[in-house]
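Notes to accompany the following structure.
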């Protein structure tokens, strides 16, 4: 099997995902083409050699609909030979696109593939594309509940208090603010308009001054779902749950933002042909399906599976990047795999910076790689939880 | 005589008259199918030939329109047919629908006259008519969900198209029966009539005036009220609705799931496609064990019970005019409330006027609540209250037809009031003891007229609980039993009849699951799992919460009373898990029940109740005992089913339906099982025995299989 290398990983900054957010005026396709042009320019890339562009998107409808990857390629300056595909694996899509690219390269079917994701949550909010689980019969057979309530279930079952999850959120904010201020986010490519005027060049969602006292004032975001029946459904599946303590708020859950991420994956030969320097190799990838009602417990088993495939253990990993969908997801992951604060999400995460659904996986891969390079460390794991109980993980190693 | 007659009048209106031969009411079964198909073929021909100005659908039965589907025919169907047979069944369902679609698209106006109840299939026929006239006061609706089914002859589709998703789901999944006036308000009926002649006249007048009538859904541009599931206004319904159904039914009632889904699915597509979808959901319920259980218990057995299957053959129906009640506590006052509601004179006697007045005030509070909710008027309340006489004087009972004693569960006190009362009341009056456990024949020893002595076990609160367990003592006469039975029905209660033995039927059976809860708690099983298991079984209340409601203190005292009673009788008394745990709860931890501030649960102010944290230290200090969740669930139900079989073996219960209905309506046995006996049938007799033996091996003799069940398992004879 050939090896798959990461030649570059870039992302847009994350704009607040609502009207008034800096990227609200930007069409999703322009988030993508900004990165396509930057990837081409930064690497002096001969795009005729890039065979495919796989882009994930959580709400692939309307202006994000159909196949935004190919649409963006046609619309950009890239060569017509590059083809494109849209991918949906809920929140895991951005990383799954990279993993699929790596799989194609490792299999020898393709040599150079771009992959990532895009999400304009300000323009197409969560639920914009509907979904099969919205059907009553499907929902009943699936024990479907609000995802956030799954996070509250984890907190309840593991005994994480409101203060525990809020404390984690404060840490995420402080770390992200510091990383932003010190310029650690090397992978950011500013979003510019068609005149070349910069629209946004930094993550605007971060609130470095977040305090425990401030967070404590926020109301639980999923209490209503709990009270309107979803809590009862959860208990039918988890009889040991007496009551669900709703501890997650907008302050300790991932933020709603706009953004895109792009990763260039290729074989050793393809890199050499274009004089590209590999930044890391992808050692292994894994997907797992876990219990779908609680939904958010996939990262630990996905990580274990990926590590096993790579012949590694948790101790061999220098840094972990777990998407901060909700604080309890990270706390359970740390507890399950025994990972100290110092090794995980060291520059903050989605609680501070936001989680543009389809894009996040590709974005945080870049964040991890930047930090491994800055600290001159070797291996890292990127992992996310996703809808339906999906867990995904990728192990990378700097070259 | 044919099921359907077609008679054309001088105005060219063809009357389609349902008159099923040999039946008092029309039902929708095979005979209907054939007759209806033939009738529509003929009607189509007549319309083509010309001279038909309209169709008037009516019943040939006096005061009976149409009763609905033939439940017995459905119960006879194979539950696990082959794929080919299922296809045939589906085709059969579609074939039943077809004539109704033909009827509403004949091209001439179609009116229907409802001269009596139009429920289920009967109302589905009515919905396929353009214009619906009903005599004031008749009941209409689609109550199929109450017996685990759903409408399958277009009722879901037409109701959805007519009223919109939200209203259709509410009416159908709750099986709501509407009075004609209510149905008119909702648009399910078009006109009310005074009597049959008036109804015919109105229906025909409408036909003559509306030659171009069409169903709403066959009119250009018609849209379902409030639109389909993708409308923003319906998002709440489709997002939270399924969860609400699941929570309400604990996901144990397939009909409610199917109805909700079917309504939504139907609203997404055109009318004819929707009919196919409805047929598929309906078929799934025809092949559903839960539906079978509920049809068996709530239709077949309930009907037999109401008709007096357990009533002795005493021809004269008794009507109680004046009811005496001894003891004006919650039970006595509750019975008085109900009796007054039903128009009986009530004498409510207690040892002091003050106590008796307190009981009367209980009734008044009940009526005031109804008044506040608009359920009754001031006049009705005053009339009811005027019927209740509170007294401390035995002589006021002198002309009572029946006296029910609801005094403390103490043989001595009961014996005393029996003697005192019998000295006053007429010699043919019935004396009924409302005890939940004391053997009636033993109590009857205090009576000078043991043939008139009987047990009538009401459930608390008596003004709400629908069941009365009638206990026949050794000397109780047929006449007395018939009177008690008739009184229960007069009070609007469902009577079951059992023979005498300690605990009778219901108390014996429910004590098994309460005890099983205590045994598991003592074993160190997580109490949250015990309670969840009861919930997930479909029990309205868990074994621990049940004691909290009664209060640990009361349960403890009852236990002490039973112990004293047993020892007085010269028999041995053995402590059990329940008594040991109650002892500790009351005497060691001071957790005496909900009314005393908390029992197994804590009741934080403004918060949700939760299991008292001290339970773990008390009963599982080393950590919870881990047993399979399915075992916890099965222990709570199997112990009850097995005890029920024992009561049958001992001759306490003789009619299966009494056991099934009694267990569901009296002691909250999961309704979707069809009751304690039907639950065994549904599980499979042999499979039940195997599972019970597994439980016996793991958890002891409570799960020992009685020989009656072994015999049944061997012979394959179901409990029916």
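Values in this text are rule-based calculations from the coordinates and carry no lab data. Please read these numbers as outputs of a predicted model, since none were measured by experiment. Ideal geometry is used to build each Cβ from the backbone, glycine not excepted, and the neighbour counts take in all protein chains shown.
At-a-glance table
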item	result
Cβ-Cβ FRET estimate between residue B:232 and residue A:218, R0 fixed at 35 Å, reported to 0.05	0.80
Residue mean of other protein chain beta carbons inside 10 Å, A:239-252	3
Estimated inter-spin distance, residue A:243 and residue B:383, nm [label 7 Å along Cα→Cβ]	4.6 nm
Ordering of B:594-602, B:675-683, A:159-167 by burial proxy (mean other Cβ atoms within 10 Å per residue, highest first)	B:675-683, B:594-602, A:159-167
Chain A: antiparallel DSSP beta bridges as a percent of all, rounded to 5	70 percent
Which of B:344, A:153 has the fewest Cβ neighbours within 10 Å, and the rest in rising order	B:344, A:153
Where the Cα pairs of the protein assembly as shown fall when distances are cut into 10 Å bins, in %	2, 9, 14, 16, 16, 15, 12, 8, 4, 2, 0, 0
Overall form of segment B:227-297 per C-alpha gyration tensor (a/c, 1.5; a/b vs b/c)	oblate
Size descriptor, Kirkwood hydrodynamic radius, that averages inverse alpha-carbon separations across segment A:190-321, Å	20.1 Å
Isotropically averaged projected area of segment B:153-244, using the convex hull of Cα atoms (one quarter of hull area), nm²	7.8 nm²
Semi-axis lengths (Å, descending) of the ellipsoid that matches the C-alpha gyration tensor of segment B:411-501	20, 14, 13
Nearest 10 degrees, 0 to 90: helix B:271-286 Cα axis against chain B principal axis	30 degrees
Theoretical FRET efficiency, 1/(1+(r/R0)^6), r = Cβ-Cβ of residue A:209 and residue A:158, R0 22 Å, to 0.05	0.15
Principal-axis tilt of helix A:28-43 within chain A, Cα atoms, nearest 10 degrees	50 degrees
Rg followed by Dmax, in Å, when segment B:331-399 is reduced to its Cα trace	11.8, 37
Alpha-carbon spread of segment B:544-638, three principal axes, descending order, Å	46, 33, 26
Label-point separation, residue A:46 to residue A:291 (7 Å along Cα→Cβ), nm	5.4 nm
Cα gyration tensor shape for segment A:285-398, rounded if a/c is under 1.5, else prolate or oblate	oblate
Gained length - residue B:502 relative to residue B:413, 0.36 nm times residue gap less alpha-carbon distance	30.2 nm
Measure of compaction for chain A (Cα Rg per 2.2 N^0.38 Å)	0.92
Segment B:1-129 - Rg over Rh from alpha carbon coordinates, Kirkwood radius	1.00
Exercise: per-residue mean of other protein chain Cβ atoms within 10 Å, A:138-146	5
Debye intensity ratio I(q)/I(0), log10, segment B:286-393, q values 0.10, 0.12, 0.13 Å⁻¹ (C-alpha model)	-0.45, -0.59, -0.66
Extension reserve of the residue B:219-residue B:629 stretch, reckoned as 0.36 nm per residue once the Cα distance is removed	142.1 nm
Inter-probe distance in nm under a simple model that places probes 7 Å from Cα toward Cβ, at residue A:201 and residue B:574	8.6 nm
Packing-based order for A:287-295, A:268-276, B:116-124, using average beta carbon neighbours within 10 Å, highest first	B:116-124, A:287-295, A:268-276
Whole-Å semi-axes of segment B:219-344's equivalent ellipsoid (Cα gyration tensor)	45, 21, 16
Calculated FRET efficiency for the pair residue A:272/residue B:248, C-beta based, R₀ 51 Å, to 0.05	0.20
Averaged over B:255-267, number of beta-carbon atoms from partner chains that fall within 10 Å	2
Overall dimensions of segment B:585-649 as given by Cα atoms, namely Rg and Dmax in Å	16.3, 49
Estimated [θ] at 222 nm from DSSP helical runs (n ≥ 4, -39500 (n - 2.57)) normalised by residues in chain B, nearest 500	-15000 deg cm²/dmol
Crossing angle, helix A:162-181 versus chain A [Cα axis fit, 0-90 degrees, rounded to tens]	20 degrees
Per residue Cα convex hull volume in Å³ - calculated over chain B	188 Å³
Per principal axis, descending, Cα span of segment B:568-720 in whole Å	53, 43, 32
25 °C / 0.890 mPa s Stokes-Einstein diffusion coefficient of segment A:125-275, Kirkwood radius on C-alpha pairs, µm²/s	129 µm²/s
